[in-house]
2 protein chains.
Amino acid sequence: MKIAVLGTGGGARCHIAKLLELGHEVVVGTRDPQATLARTEPDMMGNPPFQQFLAEHPGITLLPFGEAAAAADELVISGIDGHNAVAALTVIADQLTGKTLIDYAVPFVYQHEPEHPWPTPWGIMPKLEPVDTDSLGEQIQRALPRTRVVKSFVTQEQSTVVNPAGVGGGDHTMFVAGDHADAKQQTAALLKSYGWTDILDLGPLVAARGMEMYAHMHSAIGFGLGQQFGGHFGIKVVR
Amino acid sequence: MKIAVLGTGGGARCHIAKLLELGHEVVVGTRDPQATLARTEPDMMGNPPFQQFLAEHPGITLLPFGEAAAAADELVISGIDGHNAVAALTVIADQLTGKTLIDYAVPFVYQHEPEHPWPTPWGIMPKLEPVDTDSLGEQIQRALPRTRVVKSFVTQEQSTVVNPAGVGGGDHTMFVAGDHADAKQQTAALLKSYGWTDILDLGPLVAARGMEMYAHMHSAIGFGLGQQFGGHFGIKVVR
């Protein structure tokens, strides 16, 4: 299958590499391919320049967001950060029409104030916007009424999403939510190919609120486990 | 040990009954004992009148909130609902001085508007207040600076908190957070006596934000499992 991944950050790279490994054709979207390729320094998260990743992963096509989305057979994974996702996706609504879009962003608002350092000493993440009575997943679906939006992956580090067996032998739970059953089935099929065996459908996209708000709990658990910078754990729903 | 439980609702009753079973002396606090005893109808959650519970659990002493708190040796469990907790506890700050207070409330704001039915069709809980940048646990600690506040129990139905083995053989995780290590140790000791074997300390009380915000995820998981009215599951942190 030809799958589009929008974004070139650390999370997106996890999916790109895994999809290539699984034999998919991968088109990668970025705002400005020339600018992405021109970078020679690590990004703010410490990821090496994308041109280095490209050199190590032959076969990737790098395109502007809209062209990458248009090139996908059916499935588009958005790795665009939560702060920019609605605006960036709205611009390419036509190219996303009729496709399934998996969104895994947390709508963090980073406050670089001296009294709110990030990461905080106690491992708590910055504030969310929207929160509680709305979610980024729902915002994206409202902005893209002709696209089938699925919220998933968001309760985990993306390195674990593409390699569930790396934590506890893989015996933990992944969640999906969305208003389109067929799109959730596509997402679950992808997750199974990643190695997930326990995939729980939380229902309509409104459940994205809980999935996104879990970010604070995820951070706190990571802190509790002494894994302040990047969690290496999963949660299993025990019935 | 003489333990005070503040509140007479369904969650409080779970703790009262379990503490009696474990051989503790239990004093129960309520706003107005005479009014509590005068009720002959089930409460809004369908719990039978408290006088019936008292008749079935001999040895309980029912007192006004402040007298119950004062009577506790060290440990007070607050079963006061999130909407009323700060106000009700502030009034008895003197009686809570020097004690450990375990708070398990979710600060729900119920909106009984026709367009926001509760429970909703999709199992999502009402909105939280505070949320994201503050928590009820932190509010209570600020209101009671001479009390050691611990947030715990809140990620579970209280019927499961007092009987962890009732779900998945008990192989799931309970969380504690607070700014006082000794109070967290007291809480963990209580949890062990309840049967918990996996108790994770999330760190300072600021982690209460994640624990309270997990309420939406808990509701969504319950809905996903088809357990819309009261979850019967746990989450295990898989390392």
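Working from Cα pairs under 8 Å separated by at least six residues, relative contact order for segment B:34-111 is 26 percent. Highest GNM mean-square fluctuation among B:THR147, B:THR40, B:THR61, for chain B modelled with Cα contacts below 10 Å: B:THR40.
Mean projection of the Cα convex hull over all viewing directions, computed for the protein assembly as shown: 22.7 nm². Rounded, prolate or oblate: which one fits chain B, using the alpha carbon gyration tensor with axes a ≥ b ≥ c (rounded when a/c is under 1.5, else prolate when a/b beats b/c, else oblate)? Taking the square roots of the gyration eigenvalues as a ≥ b ≥ c, chain B is rounded. Taking amide H as placed 1.01 Å from N in the peptide plane, A:VAL167 has no amide H partner under 5 Å among residues 5 or more places away or on another chain. Let a ≥ b ≥ c be the square roots of the eigenvalues of the Cα gyration tensor of segment B:43-87; is it rounded (a/c under 1.5), or, if not, prolate (a/b larger than b/c) or oblate? Taking the square roots of the gyration eigenvalues as a ≥ b ≥ c, segment B:43-87 is oblate.
The phi-based Karplus calculation (6.51 cos²θ - 1.76 cosθ + 1.60; θ = phi - 60°) puts the 3J(HN,Hα) values of segment B:168-180 at x, x, x, 8, 9, 10, 10, 10, 10, 8, x, 9, 10 Hz, whole numbers, x for Gly and Pro.
B:ALA68 sits among other residues whose Cβ lies under 14 Å from its own Cβ, and their net charge, with Lys and Arg +1 and Asp and Glu -1, is -3. In a fully extended conformation the segment linking B:ASP43 and B:ASP182 would gain 46.5 nm over its present Cα-Cα distance, using 0.36 nm per residue.
For chain A, the 222 nm mean residue ellipticity estimated from helices alone, with every DSSP H stretch of n ≥ 4 adding -39500 (n - 2.57) and the total spread over all residues, rounds to -10000 deg cm²/dmol. In order along segment A:6-19, the Karplus-derived 3J(HN,Hα) couplings, from 6.51 cos²θ - 1.76 cosθ + 1.60 at θ = phi - 60°, round to 9, x, 10, x, x, x, 4, 5, 4, 5, 4, 5, 5, 5 Hz, and Gly and Pro are given as x.
Between B:ALA55 and B:GLU25, what's the calculated FRET efficiency when r is the beta-carbon distance and R0 is 25 Å? Round to 0.05. Efficiency, from the Cβ-Cβ distance: 0.85.
Averaging the Cα positions of each part gives two centres, and for segment B:1-69 and segment A:165-193 these lie 44 Å apart. On chain B, 53 percent of the accessible area sits on carbon and sulfur atoms, based on a 1.4 Å probe.
Spin-label pair A:ARG239-A:ALA87: with each label point 7 Å from Cα along the Cα-Cβ axis, the two points sit 4.4 nm from one another.
Summing +1 for each Lys or Arg and -1 for each Asp or Glu among the other residues whose beta-carbon sits under 13 angstrom from that of B:ALA88 gives -2. Count Lys and Arg as plus one, Asp and Glu as minus one, and take only other residues whose Cβ is under 14 Å from that of B:CYS14; the net charge is then -1.
Converting phi to 3J(HN,Hα) with the Karplus coefficients 6.51, -1.76 and 1.60 and the offset θ = phi - 60°, segment A:68-85 yields 5, 4, 5, 6, 5, 4, 9, 10, 10, 9, 8, x, 7, 4, x, 5, 10, 4 Hz in sequence order, with x at every glycine or proline. Measuring nothing but how far apart in sequence close Cα pairs (under 8 Å, 6+ apart) lie, relative to its length, chain A scores a relative contact order of 17 percent. Here A:GLU67 sits with roughly 100 square angstrom of accessible surface, probe radius 1.4 Å. Of the whole protein surface, A:ASP73 contributes about 90 Å² of accessible area at a 1.4 Å probe radius. Under a 5 Å amide H cut-off, with hydrogens placed 1.01 Å from N, A:HIS24 pairs with nothing among residues at least 5 apart or on other chains. For segment A:198-239, place one equal point scatterer on every Cα, skip the solvent, and apply the Debye formula. What is log10 of I(q)/I(0) at q = 0.22, 0.25, 0.30 Å⁻¹? With one equal scatterer per Cα and no solvent, log10 I(q)/I(0) is -0.84, -0.95, -1.05. In the full protein context, chain A carries 40 Å² of accessible surface per residue, based on a 1.4 Å probe and ignoring ligands, DNA and RNA. In this assembly, the A-B interface accounts for approximately 3100 Å² of buried accessible surface in total, computed with a 1.4 Å probe and without ligands, DNA or RNA. Amide hydrogen proximity for A:VAL150: with H placed 1.01 Å from N in the peptide plane, the residues at 5 or more positions away or on another chain lying under 5 Å are A:LEU101, A:ILE102, A:ASP103.
The values are calculated or read from the model by the stated rules, or taken from the named source; none is laboratory data. A quick note: this is a predicted structure, and the numbers were derived from the prediction, not measured. Cβ coordinates were reconstructed from backbone atoms using ideal geometry, including for glycine residues, and neighbour counts include every protein chain displayed. Each accessible area value is taken on the protein alone, full model and side chains, heavy atoms only, with ligands, DNA and RNA left out. Shrake-Rupley method; radii C 1.70, N 1.55, O 1.52, S 1.80 Å.
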